[in-house]
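In what follows, a structure is listed as structure tokens, so that the remarks can point back to it.
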Amino acid sequence: METSPGASSTRPIAWITGASGLIGNYLVQTAPKFAPRWRVRALARADFDLLDFAAVEREFKKDRPQLIIHGAAITAVADAQKDPALARRVNVEVTQLLAELATDVSFAFFSTDLVFDGRKGNFAEADATNPLHFYGETKLAAEEIVRKNPHHLVVRTSLNGGISPAGNRAFNEQLRRAMQQAGQGITLFTDEFRCPIPAVETARAVWELAQKHCAGLYHVAGAEKLSRREIGELLVKRWPEVTATLKSGSAQDFPGPPRALDTSLNIAKVQKVLSTPLPGLREWLAANPSETF
């Protein structure tokens, strides 16, 4: 799907993979505002399967995109743990193929704060990585592939919020659904910290980084570190129809696999580049009271 079918064919083409996901959809929808010089091809599975490498190469040769923003991935930690072979194919091997095809053009890849073990927080780009689960391992492996090209861009981000096409990809959508199903109460951790960010802000930042030909590694996340409990307290105020109460708990009591407790990201590097700084979630919600979130 091309977002501007009547646009001049002289404009360069940008591929957005994962266009039916949360961030990918925001990249497509905000392109006319943030990246008007580009003709965007929004790639979802209905267009062609990224695991069909022959089809990917064929379409690349046909379109000759000058920019690829690669957001397609298996992003759920549980899904990656359940099928590690598929997670490696999607998260690592597809990224390698696209990065190789884009050797001489701009390429931006989305990674995650979960490449860190969460032991200290406020992680900067140069800090040592140590993922605690297979999802983080695949993203780190893909990062290393992308960074071999000095002109390519890796964007590590955190929890992204907003409205996804499927209605279940944003952290706020997942929390709201969980609260609606929880009955009387839901437990949120007070000792697990992230830097949540509206996906529209992530899209704005990535479009700007790409158009400024920024390369290397950048952290793009919210400007404020919040616990899961604090996030819930902020969002429940916007959901008067949700009646479940919030309960406090500790991630250390979680019965599943180990959790990275504080993967908050230091965003000082990207803040110096962007024309408009990234906000914290509390700040953004206050400035956008009528936005559905």
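Some notes on this structure:
- For the residues Thr292, Thr276, the requirement of being hydroxyl-bearing (Ser, Thr, Tyr), farther than 25 Å from Gly167 by Cα and assigned to a loop (DSSP other than H, G, I, E, B) singles out Thr276.
- Test: residue in the range 161-178 that is crowded, with 17+ Cβ neighbours inside 10 Å, farther than 17 Å from Gly21 by Cβ and either charged (D, E, K, R) or modelled with pLDDT under 95 (or both): yes
- If the condition is being in contact (Cβ under 8 Å) with a residue 24 or more places away in the chain, assigned to a helix (DSSP H, G or I) and more than 12 Å from the chain's Cα centre (by Cα), then the range 160-173 contributes only Asn172.
- Residue within the range 54-62 that is out of contact with any Asp or Glu (no Cβ under 6 Å at 6 or more places or on another chain), in contact (Cβ under 8 Å) with a residue 40 or more places away in the chain and basic (Lys, Arg) present: no
- Residue list for the range 248-257, filter: touching a helix residue (DSSP H, G or I) at 6+ places or on another chain (Cβ under 9 Å) and either in contact (Cβ under 8 Å) with a residue 24 or more places away in the chain or under 25 Å from Tyr218 (Cβ atoms) (or both): Ser248, Gly249, Ala251, Pro257
- Top-ranked residue of the range 122-144 - restricted to ones that are assigned to a loop (DSSP other than H, G, I, E, B) and of a type in the set (A, V, I, L, M, F, W, C), ranked as surrounded by the most Cβ atoms within 10 Å (Cβ to Cβ): Leu132
- The criterion of at least 2 residues that are within 22 Å of Glu208 (Cα to Cα) and in contact with a Gly (Cβ under 6 Å, 6 or more places away or on another chain) is met by the following helices (runs of 4 or more DSSP H) wholly inside the range 6-95: 22-34.
- Which listed residue is among the β-branched types (Val, Ile, Thr) and in contact (Cβ under 8 Å) with a residue 60 or more places away in the chain, from Thr103, Thr157: Thr157
- Just one of the listed residues (Thr202, Thr187, Thr276) is surrounded by fewer than 13 Cβ atoms within 10 Å (Cβ to Cβ) and not small (Gly, Ala, Ser), and it is Thr276.
- When Val105, Val77 are checked against the criterion of being of a type in the set (A, V, I, L, M) and at pLDDT below 95, a single residue qualifies: Val77.
- Beta carbons closer than 6 Å, at least 6 apart along the sequence or on distinct chains, pair a first residue in the range 181-207 that is in a loop (DSSP other than H, G, I, E, B) with a second that is of a type in the set (A, V, I, L, M, F, W, C) and crowded, with 22+ Cβ neighbours inside 10 Å for Cys195/Ala221; Cys195/Leu265; Pro196/Leu159; Pro196/Ile231; Pro196/Leu281.
- Residue among Arg119, Arg147, Arg88 that is basic (Lys, Arg), surrounded by fewer than 22 Cβ atoms within 10 Å (Cβ to Cβ) and touching a strand residue (DSSP E or B) at 6+ places or on another chain (Cβ under 7 Å): Arg147
- Residue satisfying all of: in the range 213-255; part of a loop (DSSP other than H, G, I, E, B) and within 20 Å of the chain's Cα centre (by Cα); surrounded by the fewest Cβ atoms within 10 Å (Cβ to Cβ) among these: His213
- Screening the candidates Ala46, Ala73 for the property of being within 25 Å of Gly161 (Cα to Cα), among the aliphatic types (A, V, I, L, M) and exposed (fewer than 14 other Cβ atoms within 10 Å of the Cβ) yields one hit, Ala46.
- Here the condition is being among the acidic types (Asp, Glu) and in contact with a helix residue (DSSP H, G or I) (Cβ under 8 Å, 6 or more places away or on another chain); of Glu208, Glu241, Glu173, Glu233, it holds for Glu208 alone.
The values are calculated or read from the model by the stated rules, or taken from the named source; none is laboratory data. For clarity, every value in this text was computed on a predicted model and none was experimentally measured. We place every Cβ from the backbone using ideal geometry, glycine too, and count neighbours over all the protein chains shown.
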